[in-house]
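The values are calculated or read from the model by the stated rules, or taken from the named source; none is laboratory data. On a predicted model such as this, the values are computed, not experimentally measured, just so you know. So basically every Cβ, Gly included, is an ideal-geometry build from the backbone, and we count neighbours across all protein chains shown. Side chains included, ligands, DNA and RNA excluded: accessible areas come from the protein's heavy atoms. Shrake-Rupley method; radii C 1.70, N 1.55, O 1.52, S 1.80 Å.
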Amino acid sequence: MKDLTILEGFVFEGAFKIGFLQRVAPDYLKGFKRIFFDLLKTEGLKEELIEELQKPIEEWGNIGTTITPENAERVYTLITYLLGYHGGFLYAGDGKNIKLEKFEMGEESSDIVWRNADLVYIKGETLYIVDFKLSGLISWLKEVFDRGRSEELRDLPRLPVANPGVPVNISLGELDFSKFVKNFLSLKHTLMDLKEVFVEIKGFSQLICYAVDYLTEKGDKGLRELCLELLYPSAESYRIRFMLSGGVSGLSKYREEVKEIYRSLRSKEWAYDELDETVEKRVGKRERLERKIKEEIQVYLEEIKRREEAPIFVNTNPIQEARKDVREKLENFLSSQGNCKAIALLHSAGSGKTSTLRNLILNSEGNHIVLYMATRISLVEKERYSVEKSGKPVKVIYERRKPYEGNLLKHTGEGFEHTENKEGIIKRIVDKVLDAIREKHSQIWGFATIQAIVDMPTKNTAEHLDKLLRSNALENYHIHIVLDEFFGYRNGLDAVHRMFEFLLKAKRMGGKAYLYLFDANGYSPELLERLMYEFRSYGVVPDSLILCGYKPALQTQYEEIPFEIYAKHGYPAKGLYIYRKFILDVGHKEQDRLIELIGDYVIQNLQRESTAFLYVQDKEMITKLSEYFNTRGVSNLYITASSRKSQRDINEGRQDIIMGTSAVSRGLDFSRPHKPVEKIFVVITDWGIEQNLVEVIQAISRARGDEVTEQKPKHIHLIHVIQKENPYVVEKITQLVEYQDKELVSLFYRREQLKQKLLLDLVVQRIIEDFLRTPNRSVIVPIPAQHITIYKMHRFSELENIIKFLEDVYMMESKNQEVSMYIRLLVKEILSGMFMYTNDVPKNLEKVEYYHPYILIRGKLHMGFDNQRRKSAKDYLEKVKAKLMEHNEDKTREIEEFLNVIAPKEVYETIFLIPVYSWVFTKYVLGEQGDEYLRFNISGRVGRGGAVVLGANMEITTSCKNIIGRKEYAVIPLGEDYPYREVLSGRFAKFPIEFIYKLLVEG
């Protein structure tokens, strides 16, 4: 199979280039095919197969899904060719305005020169340099045919197809290629010191060499952009885009250095490269390799034991210093000159940013309009309550989501389309502010969530604020706009830019408007300035860990608006103890044992006179932990920001443990002086680590609130779970390395897990330390994804919010057996009643957008709800409606509206992906009898930047079928408001944790 794997690599690359040349340069096809098929003969592919490959594809007929030892080589070769041909054909786009630089098979030089790249071409103003990575295809095809007809959802092959490894997103902070290369070279010794190198690090370094070599030799005349890509047959490409705005004249001095880095990396192995065919052929090699890996594992286990026995004490900066600095900065800002200006305070949580500003404005003379916006409803309601109870004569305006009204659907023949046109929250707030101005109120406060700032079909909702500039508010009122915890939602940076645009308009019209940006996530002023620039330029910031310098203050401008940025870190405690716990040897399916180990560790470290906060990014795990604590006589409370009962239960309760997910990491006040929160337990997960670390450091700051406990040290326990084995990952590694001894692969995987978890522990520790005290060095900061949000009526988005709320209440009411039972039945009926499919697939793919391996289509998605299920769901809702209303009236009404309004069949114009292999399976592999099909389980996100997949958290399946008169293609539906083109086309790179740690140390 190893020889066949190498052959299929040649087949895929050659077929890809044939499809590419057919669109781009058909005159080159004849000569290229002759060389390609001669190469296949030289490499040993069967003569009859080569002859079959040379026939027109239309004459092949359906290949079928039956694989036998006799036909395996033929089936795999034909499918590989089809995947390559159609991938290359689509990759070429319209084939116009393309200048080919290199497309021939093989290398031209022993040196590292651009002519050794697999594919180099220029399209428009972009230079593309592509290298093929071809292993793993045969094993993946085998998995699809073996498991694609399983009745068990968990056994189905997954979409999207991802590569194994433990990559962590990091931005080196430069999207301009010349500046990036300079930063890349500053890490020269870091890279060259790596003992083992992730396969994509090698490939990426090689592409950098090719790009520097090309641009040094040929210059960048007429070029504005560079795209580097490692292209896989079925898995998502490793694609990175850079701008060439800074010029490339200085690249020549880096030419030899980047080659030196790649030469060093090229000679090093990936962790699994030792697993080759010689392991079994050489006497004793397997035993020596196994012994070596076990010895290395033992070293890591001893290091784990050492860390568990050695807690770390962090001297934190006093939170009082941050609070004092907040007051000084806000007082100076309000008293300084300038009618339109902005300030950002990035001080630690608990520093009083919001409360200080509130008191300063409420006690100010003159007329004031305040629009307070936050990313959590709990924050908005808390601030509204504080203003109302201030005793000041204030007009408070608070608008919520309106229920559906009128005729929202029209029949189109295929189903129903939405005609909704509701007034938005910001529009209603502005209209009521104008009414309050006419009533001559001196202080007018409006409240909304930042999520209310969205793109609509005709305008962005923030533009409704312009009405204030066309009223006497401009002359008689001072306008204050507050964006609190603005990084807590994905449209935070977009909201910031929209508000700056409002300030620019106010300034040009002679008004008075101030903007206040508050967040407490360990950001430095330098980083915020850079993120705002990148977002303004590219419209997206991915989940990432970013290395940056730290400055406590920065004076800058947003066009004509003066902008002050400050940060001061502290923590409401006399220091913090950091403990580590590594939970080992837990099998992939041993969930109950994992719950017991985590639960016992928490119980062993409890102090009953105080409260522990347990942060777990897994609601199912929280449910089971709650049940386990109950059996051990430990009282516990599950909280969520979507329930108003949570804040009351926190402040008044006496439970031993409070549990929550990222939903409570912002906005809730954990003060309970009668039983203070003094210990924090955090279960660290390595999936989505960038976003999780954002929420972890927010969770740490929840344990505050009264003067007594702020005089004591706090204790944080980082719990790392290292599963004994993950069959899916092990399977993917065996596919990639083409080595089927899963026992040995599992041993290698175990070693990598231990090593990378130990490094991750150090990264988390470093980030926590920088969050607790003002850093005096460069810092690594976790950044949550940021992009523009778009409002589009869509049932899946609505459904996911409903299910999330119901699951939260189910856990909070778990002791009420009747209520929890009916909620569970309600969820089951809602999910069972929903269905989705599409038949809107273009017959001709010449004009579609393509991001290998995905065809991007805007088409019709059919969704609906079974009427019998609707009736049952309404009955169950009625039984629990009163209890749901206690938690959240708005969310409860949303469920009612959903069940009342959703039509039996609705049609949406939306975005979805068809993987090229889905196209090939349906069109060329499956027979037309209808009894052949392939199913896939949609899980996770799409692209290295994690584009939102609709229904991925609800076990949605999709399938390929070829029935006479109808073809069905496996599809991946995308969230409407995510910048999927940015994600799929590549704006950022991923590196393994070893690389992150080296950056951290040298930073």
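General observations
- When the surface is traced with a 1.4 Å probe over the full set of protein chains, residue 94 keeps roughly 80 Å² accessible.
- Share of alpha-carbon pairs per 5 Å distance bin for region 490-581, given as whole %: 2, 10, 20, 20, 18, 12, 8, 5, 3, 1, 1, 0
- With a Förster radius of 41 Å applied to the beta-carbon distance between residue 560 and residue 55, the computed FRET efficiency rounds to 0.05.
- In this rough spin-label picture, where each label sits 7 Å from Cα along the Cβ direction, the residue 435-residue 551 distance is 4.7 nm.
- Over region 824-923 - Rg/Rh using Cα atoms and the Kirkwood inverse-distance radius: 1.15
- Extended-chain gain in nm, criterion 0.36 nm per residue less alpha-carbon gap, residue 592 and residue 862: 93.3 nm
- Point-to-point label distance, residue 605-residue 923, nm (Cα→Cβ direction, 7 Å offset): 5.6 nm
- Distance (nanometres) between label positions extended 7 Å along Cα→Cβ at residue 777 and residue 882: 6.0 nm
- In range of the label at residue 742: residues from region 575-615 whose backbone nitrogen is under 17 Å from the point 7 Å along Cα→Cβ: 587-590
- Rg to Rh quotient for region 21-162, alpha carbon positions, Kirkwood Rh: 1.00
- Largest to smallest accessible area among 581, 847, 879 [probe 1.4 Å]: 847, 879, 581
- Net length gained if the chain between residue 321 and residue 442 were fully extended (0.36 nm per residue, minus Cα distance): 40.2 nm
- P(r) of region 306-365 over all Cα-Cα pairs, binned every 5 Å from zero, in whole percent: 4, 15, 21, 19, 12, 8, 6, 5, 4, 3, 2, 1, 0
- Summing Cβ point charges (Lys, Arg +1; Asp, Glu -1) relative to the Cα centre of region 1-81 gives a dipole of roughly 300 debye.
- Hull shadow area, averaged, region 741-821 [alpha-carbon convex hull, nm²]: 12.3 nm²
- Rounded to the nearest 20, the Cβ-based charge dipole of region 17-134 about its Cα centre (Lys and Arg +1, Asp and Glu -1) stands at 360 debye.
- Net charge of the neighbourhood of residue 514, taken over other residues with C-beta under 12 Å away and scored Lys/Arg +1, Asp/Glu -1, is +2.
- The phi-based Karplus calculation (6.51 cos²θ - 1.76 cosθ + 1.60; θ = phi - 60°) puts the 3J(HN,Hα) values of region 483-497 at 10, 9, 6, 5, 7, x, 9, 5, 9, x, 5, 5, 4, 4, 5 Hz, whole numbers, x for Gly and Pro.
- Given R0 = 41 Å, the distance between the Cβ atoms of residue 584 and residue 68 translates into a calculated FRET efficiency of 0.45.
- Each peptide in 47-55, 781-789, 469-477 was scored by the mean count of other Cβ atoms within 10 Å over its residues; highest first, the order is 781-789, 469-477, 47-55.
- Subtracting the Cα-Cα distance of residue 360 and residue 890 from their residue separation scaled by 0.36 nm leaves 187.6 nm.
- Once the C-beta distance of residue 900 and residue 336 is scaled by a Förster radius of 45 Å, the resulting FRET efficiency is 0.25 to the nearest 0.05.
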